[in-house]
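*Asks:* Structure below; questions to follow.
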Amino acid sequence: MHPAFSVLVFTVLSGAGYGLISLLVLAHLAGIPQLQDTAVLLAGGLLAFLLITGGLLSSTLHLANPKNAWRAFSRFRTSWLSREAVFAVLFYPFLLLYLFGIYRQGAELGALFKLAGILAATLALVTLFCTSMIYASLKTIRQWNSALTPLNYLALGLMSGALLLAAVQAVAQGGLAAVLQQLALGLVLLGAVAKLIYLFWIGKPAGSTIHTATGFTQASVRLLDQGHTANSFLNDEFGYRVEAERLMKLRYLMVGLAFVLPFMLLLSGQAWLAPAASVLAIAGLLTERWLFFAEARHVVRLFHGEQHT
């Protein structure tokens, strides 16, 4: 699949924002001492708001006609994209109410503002799950049609959110809280394991082949006409090709940027390294999301000369 930069930015930034606000609310309401600071809560909430909003706006750049984006809300019963759009909009009033409560009352919130925070965190995770299901529900792409896809989206969103939360707290208070450091380290390990399992799984040749696609499973099949081989929508979007050597290099780069370096920087316990860890992770996740698209093989490629997906 052709990796559209606007979609990469959307899924990575909004995922990080949703992960950040979910963990911030839960840590705040759980009574973690470092998250009872109004400045930390407002800074983290504002950062999450900017990341989510920037990501959602970026997603509209992928539309051929952005002014028709409202149509995404009209198929809630059947479309994961529609569900994502609806929950993304419902999330905002609760987030803003929660942040308003912090601004007015500080960390000691009343019941109404606490409820708003809980609903905001819940809707953030639900929206992130709906985003993942847009891809996981596509049976025509074996690499996406798996429970590993939502697992990775949620794990990586929470991982990047935890790194950002640790960075915000470290900058605001001049020291890295041990509980947030441990949370981020644990989620980095979880994200790395989930991603490595996914990479192992997509490497297994278990998808459709030219034989199963045509129904001729007992004989050799050779296409006599492969149709267009270039300069068509199907070839440009679904027939995206990258050299295997380049993919492997990018995989190593992704693992280093998204997991290894952030883990090592955060493990040092130095507050000034926490922001660097989060920035490196975001860069690594942009590479991860590019690979997520570039390594996907749509079944239509079988009718353009490929032997298996």
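The values are calculated or read from the model by the stated rules, or taken from the named source; none is laboratory data. Small disclaimer: the values here were computed from a predicted structure and weren't measured. Neighbour counts are summed over all protein chains in view; Cβ atoms, including those assigned to glycine, are modelled from backbone coordinates with ideal geometry.
*Asks:* Take S82 and decide whether it is of a type in the set (S, T, Y) and touching a Lys or Arg at 6+ places or on another chain (Cβ under 6 Å). Full working, then the answer.
*Replies:* On the way: of a type in the set (S, T, Y): yes; touching a Lys or Arg at 6+ places or on another chain (Cβ under 6 Å): yes.
In short, yes.
*Asks:* Taking G117 as the residue in question, decide whether it is in contact (Cβ under 8 Å) with a residue 40 or more places away in the chain and small (G, A, S).
*Replies:* Working: in contact (Cβ under 8 Å) with a residue 40 or more places away in the chain: yes; small (G, A, S): yes.
Yes.
*Asks:* From the list L112, L56, L119, L29, exactly one residue is under 23 Å from the mean Cα position of the chain (by Cα), farther than 24 Å from A4 by Cβ and not polar (S, T, N, Q). Which is it?
*Replies:* Working: L112 fails: under 23 Å from the mean Cα position of the chain (by Cα); L56 fails: farther than 24 Å from A4 by Cβ; L29 fails: under 23 Å from the mean Cα position of the chain (by Cα).
The match here is L119.
*Asks:* May I ask you to verify whether S6 is over 16 Å from L163 (Cβ atoms), among the polar types (S, T, N, Q) and in contact with a Leu (Cβ under 7 Å, 6 or more places away or on another chain)? Working first, answer last.
*Replies:* On the way: over 16 Å from L163 (Cβ atoms): yes; among the polar types (S, T, N, Q): yes; in contact with a Leu (Cβ under 7 Å, 6 or more places away or on another chain): yes.
It is true that S6 is over 16 Å from L163 (Cβ atoms), among the polar types (S, T, N, Q) and in contact with a Leu (Cβ under 7 Å, 6 or more places away or on another chain).
*Asks:* Determine if region 227-245 includes at least one residue that is in a helix (DSSP H, G or I) and modelled with pLDDT of 70 or more. Show your work before the answer.
*Replies:* Pass one, region 227-245, residues in a helix (DSSP H, G or I): 233-238, 244-245.
Among the residues that remain, those that are also modelled with pLDDT of 70 or more are: 244-245.
Yes; the residues of region 227-245 include at least one that is in a helix (DSSP H, G or I) and modelled with pLDDT of 70 or more.
*Asks:* With the requirement that a residue be hydroxyl-bearing (S, T, Y), within 21 Å of F200 (Cβ to Cβ) and either at pLDDT 95 or above or within 11 Å of the chain's Cα centre (by Cα) (or both), what does region 136-168 give you?
*Replies:* Restricting attention to region 136-168, the residues satisfying the condition of being hydroxyl-bearing (S, T, Y) are 137, 140, 146, 149, 153, 160.
Retained after the next criterion (residues that are within 21 Å of F200 (Cβ to Cβ)): 146, 149, 153.
Matches in region 136-168: T149, Y153.
*Asks:* The conditions are (1) over 27 Å from A166 (Cβ atoms); (2) out of contact with any helix residue (DSSP H, G or I) (no Cβ under 8 Å at 6 or more places or on another chain); (3) not in a helix (DSSP H, G or I), and E108 fails exactly one of them. Which is it?
*Replies:* Just one mismatch for E108, condition (1).
*Asks:* Please identify the pairs in which a residue from region 41-57 that is over 11 Å from L13 (Cα atoms) has its Cβ atom under 8 Å from the Cβ atom of a residue that is outside any helix (DSSP H, G or I) and at pLDDT below 95, counting only partners at least 6 apart or on another chain.
*Replies:* Filtered contacts from region 41-57: L41/A107.
*Asks:* Restricting attention to region 1-46, and to residues there that are within 21 Å of G174 (Cα to Cα) and among the polar types (S, T, N, Q), which single residue is surrounded by the most Cβ atoms within 10 Å (Cβ to Cβ)?
*Replies:* So the residue we want is Q34.
*Asks:* K139 - would you say it is without any contact (Cβ under 8 Å) to a residue 24 or more places away in the chain and of a type in the set (D, E, K, R)? Quick ask: steps written out before the conclusion?
*Replies:* Numbers: without any contact (Cβ under 8 Å) to a residue 24 or more places away in the chain: yes; of a type in the set (D, E, K, R): yes.
Taking the combined requirement at face value, the residue satisfies it.
*Asks:* Out of the residues in region 173-201 meeting the condition of being among the small types (G, A, S) and surrounded by 17 or more Cβ atoms within 10 Å (Cβ to Cβ), tell me which one is farthest from A244 (Cα to Cα).
*Replies:* Start the filter on region 173-201 by keeping residues that are among the small types (G, A, S), which leaves 174-175, 177-178, 184, 186, 191-192, 194.
Checking the rest, the ones that are also surrounded by 17 or more Cβ atoms within 10 Å (Cβ to Cβ) come to 177, 184, 191-192, 194.
Details: A177: 42, A184: 32, G191: 24, A192: 22, A194: 22 Å.
That would be A177.
*Asks:* Kindly list the number of the only condition in (1) touching a residue at least 60 places away in the same chain (Cβ under 8 Å); (2) buried (at least 17 other Cβ atoms within 10 Å of the Cβ); (3) of a type in the set (S, T, N, Q) that fails for T287.
*Replies:* T287 satisfies all of (1) touching a residue at least 60 places away in the same chain (Cβ under 8 Å); (2) buried (at least 17 other Cβ atoms within 10 Å of the Cβ); (3) of a type in the set (S, T, N, Q) except (1).
*Asks:* Oh, and also: Can you name the condition, by its number, that R251 falls short on among (1) in contact with a helix residue (DSSP H, G or I) (Cβ under 8 Å, 6 or more places away or on another chain); (2) charged (D, E, K, R); (3) free of Cβ contacts under 8 Å to residues at least 12 places away in the same chain?
*Replies:* Unmet condition: (3).
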